1. If you put +1 on each Lys and Arg Cβ and -1 on each Asp and Glu Cβ, how big is the dipole of the chain around its Cα centre, in Debye rounded to 20?
2. Using R₀ = 51 Å, calculate the FRET efficiency as 1/(1 + (r/R₀)^6) where r is the Cβ-Cβ separation of VAL310 and VAL685; round to 0.05.
3. Once the Cβ-Cβ distance between LYS577 and ALA678 is put in as r, and R0 is 35 Å, what FRET efficiency do you end up with, to the nearest 0.05?
4. Counting C-alpha atoms alone, how compact is segment 199-283: give Rg to one decimal and Dmax as a whole number, in angstrom.
5. Which order do VAL600, VAL405 fall in if you start with the one that has the fewest other Cβ atoms within 10 Å?
6. Thinking of segment 253-332 as a set of Cα atoms, what percent of all their pairs are more than 21 Å apart?
7. To the nearest 20 debye, what charge dipole does segment 253-332 have about its Cα centre, counting +1 at the Cβ of each Lys and Arg and -1 at the Cβ of each Asp and Glu?
8. For the pair LYS291/ALA703, report the inter-label distance in nm, with labels modelled 7 Å from Cα in the Cβ direction.
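FYI, it's all coordinate maths here, none of it is from the lab. Computed from a predicted model, the values in this text were never measured in an experiment. Note: ideal-geometry Cβ built from the backbone for every residue, glycine included; neighbour counts use all protein chains shown.
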Amino acid sequence: MARTASPPPLPPAEPVVVKLREALEERYLAYALSTIMGRALPDARDGLKPVHRRILYGMQVLKLDPATAFKKCAKIVGDVMGDFHPHGDQAIYDALVRLAQDFSSRYPLVDGQGNFGNIDGDPAAAYRYTEARMTEFAKLLLDGIEHDTVDLRPNYSGDKEEPVVLPAAFPNLLANGAQGIAVGMATSIPPHNIVELCDAALHLVAHPEAENPELLAHVRGPDFPTGGVCVEDAAAIAESYRTGRGSFRLRARWSVEQGERGAWVAVVTEVPYGVQKSRLIERLAEVINEKKTPLVADVRDESAEDVRVVIEPRNRAVEAGVMMEHLFRLTELEVRVPLNMNVLVDGVVPRVIGLKEALQQWLEHRRAVLVRQSRHRLSEIERRLELLAGMLIVFLNLDEVIRIVREEDDPKAELKRAFALTDLQADYVLDTRLRALRRLEEMQLRKEHDRLVKERDRLVDLVGSEPKQWKAVAKQIGEVREKYGPDTPLGRRRTSFAPLPYFDATVSTASFIEREPVTVVVSEKGWIRTMKGHGADTATLSFKGDDSFRLAFPAETTGRIVVLATDGKVFTLDVGKLPGGRGFGEPLRLMADLGEGEDVAAVMPFEEGGRVLLATGDGRGFVAAMADLVVGTRKGKALMSPNAPAKAKLMVPARGDHVAVVSNDRHMAVFPLIQVPAMARGKGVKLQRAVAGLADVRVFTLADGLPWQDASGKDHMLGPKDIAPWIGNRADRGRLPPRGFRRDNRFGP
């Protein structure tokens, strides 16, 4: 008869009241800590996450040394999952594959045999088809682990032990970098050159008080496995390494190959780190098909073992630098590699650290490993010396020892009594074969004894002296540096550094525009057009409806103009794309995304290397470089932040050494331009204490005088002596302007 299932347990008599908020906080915190500690963030000492550490230790257990035969990845994944890492097999295999990819890891820790993927983004073969073993770098990470150099803890099932951290004979955290996303935090550390890291570590050992600027004399920046060119500013790199946060602008390496009859092509030989070459080719093709760049005719992939992407220009007149700068802006030929050195400090505390602390964490760990290894060796030496002492006694009394072993009922007790041996010595004598006893030589035993005594004394001195410990650590680092020197294939730097060229995408199309002089005309309603030639007669122009003339200025078809909106945004427009002819032109709103209810405040030609003074209606302003006003999108760029209800109002060239301002209540003040700060964006400072608001501003050279124009169009000039009554400081109210000044309180059209 079948057994019936036991009934479910009855619910408790009294309901258990649990506060939902507290329960969720407790459970989410446990999940977050598990993710941070057990999955996402690397240990600052060995630079490994638990899955990578367990893979390497599992391969150590399987004895997969660099000199041994390869073993199936399925075997490695199965053993790691069964013994140390109770997670999905695919996750373990993906981590193992990345450790073997020479385009992902600067110094691969796994030597793979078979299909482990490629830079095109093709995935690795299934683990039943691939094989692997450790590399020399993996052996460096595990070097000395059998000598009690690190702590061991029970695995998830409690039947085996795994290392908490690896000995790490080289700075793997910075050498290979790390990527990870945890709960509420993330880490992103690019790879670096091992020779430079060893040099910086040696300098830090010799000069513990050294700061990041001194270390940066050795660590120039990241060194990516795929090479490339880093075009980040040196000051930005230094700040990133100081704070542990920042980014690096990385570009593909390219060169020009000349063809027949003046033809040429650009050849990309190194793609940025983390960029799939196949996806890059697709993106380049999209840019060409969608006609986002008129400079490129075709792109093709001629890669074999090495990367070779050929980019053909539209014609031979195109400048190679301009074409590539355009592609850098539109494709992944240029990427931003983030730096966020968020790691587990001492393997416990997640914190963002700088370059110096990252090296200190590794160096302190290496010293701790050295001390533990020395103590372990000391215990072995003490044990061996004890055995040697017993063996010397046996050698001197060999016949009596043999007699005791043959005739006594309890030979161990008799040996201890007769020769004052310890339990360890007596057991060793009894376990030694008679054949081995006959081969004993007193001289050999005494030589070994003396050698071990010297080694013991040296290790005792080492354990008791911190300076000697650091000297030993420095020697170990020097050996690694010598083995992987700058002239070796792995030690040679792959990523180079170069200054960022001035080219930008907004000037690239000038290669196909004929350079002609034009006059740009802007109406009061914000309509814009161009007229051929400079000095065009604007008096004959007609405007739409109640619109009227606002301003005009000379330009060239290959140039650009800068538009300031009343909300403080700036826009950059190509003069060659502005409407021409005899019509009314087009509204600027069709070319720039002006905000709802906003209008055009000012328009002026772009001047390379120039500066402008920007001001709001309530009298605040600052000086900005023209380069900071350049933007290549219709959405523009937020430059000024006016205090509502004030609006951005004026933008004038900052050529000169003094500033003249006029308020709506007819007061003029003059002060040195140096009193106005130079800013990339912001609200600015008070230019004039204007009760009724600012009317106009002009920058001029005091030695040349202040020019202005009256209502009839007559030009006037206030000389250096005449203007003295108005000269004061920034934020003064000023005094009434000179006789005959315009009623609209402006210096002129």
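1. 2020
2. Using R0 = 51 Å, I get an efficiency of 0.45.
3. 0.70
4. Over segment 199-283's Cα set, Rg and Dmax evaluate to 18.1, 61 Å.
5. Fewest-to-most Cβ neighbours within 10 Å comes out as VAL405, VAL600.
6. Across segment 253-332, Cα pairs with separations above 21 Å total 21 percent.
7. Values: 12 positive and 15 negative charges, 56 e Å.
Dipole about the Cα centre, nearest 20: 260 debye.
8. With each label point 7 Å from Cα toward Cβ, the separation is 5.3 nm.
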